[in-house]
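Some notes on the structure that comes next.
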Amino acid sequence: MDKKILKVGNLVANPGEKIQGNVSLKVNDSCDVKIPITLINGAQEGKTVAITAAVHGGEYTGVFGLIKLTREIEPKDLKGQLILVHITNVSAFEAKMQYVGPIDGKNLNRCFPGDKNGTHTEQLAYFISEEVYGQSDFFLDLHSGDIHEDLMPFTLYHRDATEEVRMQSRKIGELMNLGPVIGSGSDCGSINGMAMKYNIPGVLAELGCRGECNVDQAILYKDRILNVLYYYGLLDGEAYEPKETEVEYVHCMYCLDSDKDGLWYPSYSAGDPVEEGQIVGYITDYFGNILKEYHSPVTGKILYNTTSLAIRNGDPLVSFISNINTCECCANNSLSEQHNMEML
């Protein structure tokens, strides 16, 4: 069997090659966006893995982690292929924008699988879906907590995929070993939801927050990615497999959104335990008068917090996890039971 050529856009890597360059995505007749991508085509055959960073403009740790990973892996040592998208949402990254991009005001992680004839963000989602994830055996999507977010590290997979894809995705989350491994049933145009279309396993990972580029966290991202590559045989190395007792399995996420414009004052930090009904923050007007207090809907932990003082009606405030290691469908691996109030 001939070893396969790895191609994404105008970039081509033959077996045994590492190629780096920019793939152009046209915005209009006078402007296009350059997406920095590394292709590593191993000297030996194996799985094809896609890794993306900076889907949101203010998420930096994954970008630095991918640079370190790229410099460490050589084609002669690789059994398989790697597609590494260093900065996925370039226009938002360069504009230092949270959530959405400056060209069309859309959130890339709400636009998958995309539209080749749509707006810039929809075309970008289509490109990533078709040319990056569409030719991959599994994926890692590296998020890093946006400019206005405080979060605890975690991985997220789609629990409504097929049994095989679901369990492989959860295994990847375990191997990343960053924190809670969360099964989500959300279908909001995210990368995880898109993966169901292609029936490929993978996780959305979160490490880092507040728009910081932390060197130690970037190295941790790199090392945990290597652990996944060791396990699936792309690189020689011994993978660390956490015991089930070492992993927090979560099947319930809850989100509080603002219904006021004003100033937001969170009472707790990411990772803090909370009780149902406990006040987790409040919004005031611009004169300091309290407009509303917000209470936890569950007993559990704060997964992430909005840290910006400015808040608008409809903005997310706090996300919670609960039923940690107590959900029977998670514990029994069937993962078929549905839960109420879940949002992503």
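Tabulated results
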{"item": "Cα-based Rg / Dmax (Å) for the stretch 78-227", "result": "14.9, 41"}
{"item": "FRET E, pair GLU275, ILE324, Förster distance 25 Å, beta-carbon r, rounded to 0.05", "result": "0.95"}
{"item": "Accessible-area composition of the chain, carbon plus sulfur, in percent [1.4 Å probe]", "result": "47 percent"}
{"item": "Relative contact order for the stretch 115-221, counting Cα pairs under 8 Å that sit 6 or more residues apart, in percent", "result": "36 percent"}
{"item": "Amide H partners (placed H, <5 Å) of ASP32, local residues excluded", "result": "VAL27"}
{"item": "Packing rank of 298-306, 242-250, where each peptide gets the mean count of other beta carbons within 10 Å, highest leading", "result": "298-306, 242-250"}
{"item": "Helix 215-231 axis, angle to the chain major axis (alpha carbon atoms, nearest 10°)", "result": "60 degrees"}
{"item": "Principal axis dimensions, largest first and in whole angstrom, of the stretch 18-161 by Cα", "result": "42, 41, 32"}
{"item": "Percentage relative contact order, the chain, counting C-alpha pairs under 8 Å, at least six apart", "result": "15 percent"}
{"item": "Principal axes of the chain: Cα extent on each, largest first, Å", "result": "67, 53, 35"}
{"item": "Charge tally in the Cβ shell below 9 Å around ARG166, where Lys, Arg are +1 and Asp, Glu are -1, ARG166 excluded", "result": "-1"}
{"item": "Spin-label zone in the stretch 173-212 - amide nitrogen under 15 Å from a point set 7 Å from the Cα of GLU248 along the C-beta vector", "result": "174, 177-183, 206-208"}
{"item": "Accessible surface, the chain, averaged per residue in Å² (probe 1.4 Å)", "result": "42 Å²"}
{"item": "Local net charge near THR299, Cβ-Cβ under 13 Å (Lys/Arg +1, Asp/Glu -1)", "result": "-2"}
{"item": "Expected 222 nm ellipticity per residue - DSSP helices of 4 or more, -39500 (n - 2.57), all of the chain, to 500", "result": "-6000 deg cm²/dmol"}
{"item": "R0 of 45 Å, Cβ-Cβ distance ASN289-TYR230: FRET efficiency to nearest 0.05", "result": "0.20"}
{"item": "Nitroxide proxy distance, nm - points 7 Å out along Cα→Cβ at ALA310 and ASP257", "result": "2.0 nm"}
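The values are calculated or read from the model by the stated rules, or taken from the named source; none is laboratory data. What you are looking at is a predicted structure, and each value in this text was computed from that prediction instead of being measured. Cβ atoms come from the backbone with ideal geometry, glycine included; neighbour counts cover every protein chain shown. For accessibility, only protein heavy atoms count, side chains too; no ligands or nucleic acids. Shrake-Rupley method; radii C 1.70, N 1.55, O 1.52, S 1.80 Å.
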